[in-house]
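Below you'll find the structure, written out as structure tokens, and then a few comments.
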Amino acid sequence: MSNTSFQFKKFTIEQAQCAMKVGTDGVLLGAWTPVDSTARILDVGTGTGLIALMLAQRNDAVCLVAVEVDAAAARQAQENVDASPWSDRITVECQDFREFVTEVPFDLIVSNPPYFTDDMKSPDRQRTLARHAGGLNYDLLFRRAAHLLTSDGKISLIVPADVEQEVQQAAWLHDFHPLYVTRVYTKPGKPCRRLLMLFGRQEEVCRTDELFIECGMQQYSEEYVALTRDFYLRF
């Protein structure tokens, strides 16, 4: 992986001006998030624009708005969108999510939110802004989503496994319920490192499953390859 660009099968991510580079979390969320029968998607904290581009590739009818508060990252996301095959369906807005409004509600909000806590702040201001939970947190996501989504709209997130209860509590406070949770492991025998989580307003039995990125001996699992093969050149 280069610090300045990352080549996928159908698009390229330039990332020199972005604090947060292309990583496994973003790719997982972009490949996992259900997008069938979805017309409008809001990508919160888009960064390089990676997740928005992945979702546009997966659904050729969806229109997306990608919001990013950092001006340099927003410019780079716009450049990545402009260079992609889906520039007519993705709008990048440099704006604070706390102030974002829309006249037409969204069917889905997707976000790879920041996860640093107060004692883990990066000395780099741009990286801190991109990753620190003080700027964009789980309560804010669900609180704003309640006003930005359709009545049956969904929220799709990837979060560290150790904040599961915090995320569940924030969702519950704003009348959202878990619909689908995938526990992500690097390999068998290792603890769960991330959770892919889908929330909606309806109460129903939550579907759960597991995903192992590797199956041992630095070999990618069949499930991970199947999930990401439309994007990674190596697959």
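The values are calculated or read from the model by the stated rules, or taken from the named source; none is laboratory data. Please read these numbers as outputs of a predicted model, since none were measured by experiment. Glycine also receives a Cβ, built like all others from the backbone with ideal geometry; neighbour counts cover every protein chain displayed.
Restricting attention to strands (runs of 3 or more DSSP E) lying wholly within segment 151-218, give those where 2 or more residues are modelled with pLDDT under 95. Break it down stepwise before answering.
Working: elements: 177-185, 192-200, 207-212, 214-216.
Where strands (runs of 3 or more DSSP E) fall fully within segment 151-218 and carry at least 2 residues being modelled with pLDDT under 95, they are 214-216.
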Looking at (1) surrounded by 12 or more Cβ atoms within 10 Å (Cβ to Cβ); (2) within 22 Å of the chain's Cα centre (by Cα), can you tell me which one LEU233 breaks? (1)
Take segment 1-38 and flag every residue that is of a type outside the set (Val, Ile, Thr) and surrounded by fewer than 17 Cβ atoms within 10 Å (Cβ to Cβ). MET1, SER2, ASN3, SER5, GLN7, LYS9, LYS10, ALA16, GLY23, PRO34, ASP36, SER37
Subset tally (residues that are part of a helix (DSSP H, G or I), without any contact (Cβ under 8 Å) to a residue 40 or more places away in the chain and under 22 Å from THR33 (Cα atoms)) for segment 79-114: 1
Return the pairs, sorted by first residue and then second, in which the second residue is of a type outside the set (Asp, Glu) and modelled with pLDDT of 95 or more, the first residue lies in segment 12-38 and is on the phi > 0 side of the Ramachandran plot, the beta carbons are less than 7 Å apart, and the residues are 6+ apart or on different chains. none
Taking the criterion of being closer than 24 Å to MET197 by Cβ and out of contact with any helix residue (DSSP H, G or I) (no Cβ under 9 Å at 6 or more places or on another chain), would at least one residue in segment 74-93 satisfy it? no
Do the conditions hold for PHE142, that is, is it under 30 Å from GLN95 (Cα atoms), over 15 Å from the mean Cα position of the chain (by Cα), of a type outside the set (A, V, I, L, M) and surrounded by 19 or more Cβ atoms within 10 Å (Cβ to Cβ)? no
Test ILE51 against the criterion of being closer than 24 Å to VAL101 by Cβ, surrounded by 15 or more Cβ atoms within 10 Å (Cβ to Cβ) and either touching a residue at least 12 places away in the same chain (Cβ under 8 Å) or of a type in the set (Phe, Trp, Tyr) (or both), and give yes or no. yes
Can you find, within segment 161-208, the residue that is nearest to ILE109 (Cα to Cα) among those that are within 18 Å of the chain's Cα centre (by Cα) and of a type in the set (Ser, Thr, Tyr)? TYR180
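Which members of segment 164-180 meet the condition of being in contact (Cβ under 8 Å) with a residue 12 or more places away in the chain, under 24 Å from THR24 (Cα atoms) and surrounded by fewer than 18 Cβ atoms within 10 Å (Cβ to Cβ)?
In the first step, residues of segment 164-180 are kept if they are in contact (Cβ under 8 Å) with a residue 12 or more places away in the chain; the result is 164, 166-167, 170-171, 173-180.
Next, only the ones that are under 24 Å from THR24 (Cα atoms) stay: 164, 166-167, 178-180.
Of everything in segment 164-180, those that are in contact (Cβ under 8 Å) with a residue 12 or more places away in the chain, under 24 Å from THR24 (Cα atoms) and surrounded by fewer than 18 Cβ atoms within 10 Å (Cβ to Cβ) turn out to be GLU164, GLU166.
Looking at ASP107, ASP96, ASP60, ASP43 in this structure, which one is at pLDDT 95 or above, within 26 Å of VAL163 (Cα to Cα) and surrounded by fewer than 20 Cβ atoms within 10 Å (Cβ to Cβ)? Spell out how you get there, then give the answer.
Working: ASP96 fails: at pLDDT 95 or above; ASP60 fails: within 26 Å of VAL163 (Cα to Cα); ASP43 fails: surrounded by fewer than 20 Cβ atoms within 10 Å (Cβ to Cβ).
Within the list ASP107, ASP96, ASP60, ASP43, the selection yields ASP107.
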